[in-house]
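K.L.:
Let me begin by handing over the structure; questions about it come next.
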Amino acid sequence: MKKGASRSVNDPTAKGKGPPPAEHGAISRTEAVQDALRQAIIEQRLQPGAKLPEDAIGDAFGTSRTIAREALGRLAVEGLVELKPNRGAFVANPSLDEGRDVFVVRRGLERIVTECLAGKLKADEIAVLRDHVAREHEVSGRNEVESIRLAGEFHLLLARLTGNHVLIRYVTEVVSRCSLILAMYGRPHSSDCGVSEHGEIVDALIAGDAARAAGLMDHHLAAVASRALLQEKVERDIRDVLAPYAARIKGLDL
């Protein structure tokens, strides 16, 4: 792991298998709700612009409105939730122009990630990346939700491997925002191409070809951004949307 990295590559959360651990020990209930809401947004279950009532969230997770409010406040800092005075919280709803701007920033940040990693990956880090891409192949074309989650996790994993905490924070934010943009504007597509591109990026990083890795990453993200096509989304009751996420954390000792 690079100097200053916050997690081992063997940490299951680094593979997208669960919520990130709190800085000291078990996660709090607020963090658990925050993570569950984040996943619901990233997995495109909560639509851009959807209202996020504190009482409904509290009901869904069996917790207080205070905890729901705290979780929403944290997600607002991440750019995933918008807090409107006297109206409440909503899933962030970026315009198409804002979406283009976010992808421009993301492409720049992820080029830096590839430049940091090219030729510097250790054997265990390579194994984790290979395993992740293999899992992407396994669900490709069979489980759209899981494909979306793993695709985003691939980019977050690369950022974490740099050990650069500032870069990790910014990449995490733009990846989450891009998920929102694709949820709002993205048209249906096959994930096969994206998984193949992920594998090519890993190969270039292992080979130490920084220029090729950066070029592949830029081309990959440009292709992701090009999938923008406005589509109308069918609204669902927030309690129904959050039920499976609530079930995941009810067994935690919070």
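K.L.:
Which whole-number percent of Cα pairs in the stretch 65-142 have a distance greater than 14 Å?
P.N.:
Roughly 77 percent, once rounded to a whole number.
K.L.:
Need one word for the stretch 20-123: rounded, prolate or oblate. Basis is the Cα gyration tensor (sqrt eigenvalues a ≥ b ≥ c); a/c below 1.5 gives rounded, then a/b vs b/c decides.
P.N.:
Judged from the Cα gyration tensor, the stretch 20-123 comes out oblate (a/c at least 1.5, b/c at or above a/b).
K.L.:
In addition: Provide the FRET efficiency to the nearest 0.05 for the VAL166-ALA76 pair, computing r from the beta carbons and using R0 = 22 Å.
P.N.:
0.60
K.L.:
Looking at GLY79, GLN34, ILE57, which one has the Cα that reaches farthest to the positive end of the dipole of the stretch 21-131 (charges on Cβ: Lys, Arg +1; Asp, Glu -1)?
P.N.:
GLY79
K.L.:
If you don't mind, another one. Can you give me the orientation-averaged projected area of the convex hull built on the Cα atoms of the stretch 133-176, in nm²?
P.N.:
3.0 nm²
Any read-out appearing in this document is the output of simple, stated calculations on the displayed coordinates, not a laboratory observation. Worth saying up front: this structure is predicted, and the values here are computed from it rather than measured. Every residue, glycine among them, receives a Cβ derived from its backbone with ideal geometry; neighbour counts consider all protein chains shown.
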